[in-house]
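Here the structure is laid out as structure tokens; the discussion comes afterwards.
The values are calculated or read from the model by the stated rules, or taken from the named source; none is laboratory data. Every value quoted in this text rests on a predicted model; they were computed, and no experiment measured them. All Cβ positions, glycine included, derive from the backbone under ideal geometry; neighbour counts span all protein chains shown. When the accessible area is computed, the model is the full protein with side chains, heavy atoms only, and any ligands, DNA or RNA have been set aside. Shrake-Rupley method; radii C 1.70, N 1.55, O 1.52, S 1.80 Å.
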Amino acid sequence: MPRFHGQSNHAPVDIVNQLQKQYVDYLSSLFHEGVLDDQFTQLQKLQDESNPDFTVEVATLFFVDSDKLINNMAAALERSPVDFKQVDADVHQLKGSSSSIGAMRVKNLCITFRSFCETQSYEGCLICLQQVKNECAVLKDKLQNLFRMEQQIVGAGGSVPLMD
Amino acid sequence: MDVGSAGSSSHDDPVLPLLPCRSSRGRRRRTLVRKFLLSDLSHFSPFPQMSSAAESQFHVLAVDDSLIDRKLIERLLKISSYQVTTVDSGSKALEFLGSRVNDDRSSSDSLPSVSPSDHQGVEVNLIITDYCMPGMTGYDLLKKIKESSSLRDIPVVIMSSENVPSRITRCLEEGAEEFILKPVRLADVNKLRPHMMRTKKLKGQEQEQELQEESVTHCEVRSQPPRQHELEIEQSQQDQSQQIQQHQQQKSGNNNKRKALDVEEGLSPDRTRSRYNGVATF
């Protein structure tokens, strides 16, 4: 950013404060709605100057992984006969990674999903698959919003508040 | 003492009597000199991996088939100032550990060796492994490690996303130091240090005895190789994991020279040795 004489390259303090407040409110709502749990905060704590994009990197990995797993599950459920063990293995993996990033709603859906795999309920599995798919899409959208807000704060010269 | 932060490759060298200068220019010069010395000495008989417990970092081998969890555990460990190697399977973990087993093989073969404890391989101070993995589970890996005379002293920690009491008991009974529920947190990683300190202490005592037998001039030089290892290992960690991931384990038919001490079934130790020599002696 160009520096002009007499001007700092930081946005006015109230703008930064405003952005920070919006950020905190937004993140709080995600916790409140159960989209995210404390594990997400744990991830943010692992970020520092040497690894400034850690949370974004992990989230990105998650979405690549979840897309792949969801496609696998869909394919497995389309086959005849359905290999429920395989579906279960994929759900188990998704449950693990969603748990690791603090995606609580996705994780809980996976738990339900697994019980349908166990009882080999085809319809139950289809419903769960759809729900997991939707939930991952919602999560992606919300996290993109969140990360964008972080960028705005940093761009305005502020620091991203850490929830505790 | 700075044991090295995540991503950083500059270590404050606490002891290098040859160059007393402590400026950053001096540090750079020392790094160059260290590299030169090491390259020169690699032609000679390998020195034991000598360092006091205070000097070297703890090196943790993390095993998990999930990429996200590997990234997470790696970050957790690096933030706690550990050196980290990650692999995605139990068999690759054994391959990696196998670069240390060779030393025992040579002494058990009764071949003349330069020193009974010359460690060309990488030292691992703790193994942390996921329980649920395809193929070899974390439990299987734990068993193999405890069955190996050269590896059994390495503390093993199991991670699992599932809280199954019988599973936990089984692992602890088999010799695991801790059982950690996922997702793993910083507080969990903090619990690991005592296990590594305990092993380091034992090793430190052994090495101190060897030190007394050697002349002082060798001492200074010898203290360098592990630093260099750590530098290069930290930098080449990603390469290393990729290398490991590219190598497929051969099945048991291959290895009919397996001794009771060996833990890797199906691995040709010579192949392992040549594969990891480059890594170990940068």
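Brief remarks on what is shown
- Amide H contacts of residue A:48: A:54, each under 5 Å away and 5 or more positions distant or on a separate chain (H built 1.01 Å from N in the peptide plane; Pro and chain starts excluded).
- Helix-only mean residue ellipticity at 222 nm for chain A, each DSSP H run of n ≥ 4 adding -39500 (n - 2.57), per residue, nearest 500: -25500 deg cm²/dmol
- Peptide B:66-73 - average C-beta neighbours from other chains (10 Å radius): 6
- The A and B chains share an interface that buries close to 1600 Å² of accessible area, total over both sides, probe 1.4 Å.
- Whole-percent P(r), region B:139-182, all Cα pairs, 10 Å bins from 0: 31, 55, 14, 1.
- Between the beta carbons of residue B:198 and residue A:31, assuming R0 = 35 Å, the FRET efficiency works out to 0.35 to the nearest 0.05.
- Dimensionless Rg ratio for region A:1-104, taking C-alpha atoms and the 2.2 N^0.38 Å reference: 1.57
- Sequence of B:132, A:110 when ordered by accessible area, the most exposed leading, probe 1.4 angstrom: B:132, A:110
- Chain-alone versus full-assembly comparison, region A:96-113, residues with accessible loss of at least 40 Å² (1.4 Å probe): A:100
- The H on the amide N of residue B:86, modeled in the peptide plane, is under 5 Å from the matching H of B:62, each at least 5 residues off or on a different chain.
- Residue-normalised accessible area of region A:101-155, expressed per residue, 1.4 Å probe, Å²: 53 Å²
- Cut-off under 5 Å, modelled amide H: who pairs with residue B:159 long-range: B:129, B:130, B:131, B:180
- Two-site FRET efficiency, residue A:126 against residue B:208, from Cβ-Cβ distance with R₀ of 56 Å, rounded to 0.05: 0.30
- Rough spin-label spacing in nm, given labels placed 7 Å along Cα→Cβ, for residue A:154 and residue A:119: 4.6 nm
- Protein-protein interface of region B:172-190, residues with accessible area decrease of at least 40 Å², isolated chain reference, 1.4 Å probe: B:183, B:185
- The calculated FRET efficiency for residue A:141 paired with residue A:86, based on their beta-carbon distance and R0 = 35 Å, is about 0.75.
- Entries of A:45/B:146; B:92/B:182; A:85/B:182; A:45/A:95; A:85/B:71; B:146/B:182 with Cα pairs more than 31 Å apart: A:45/B:146
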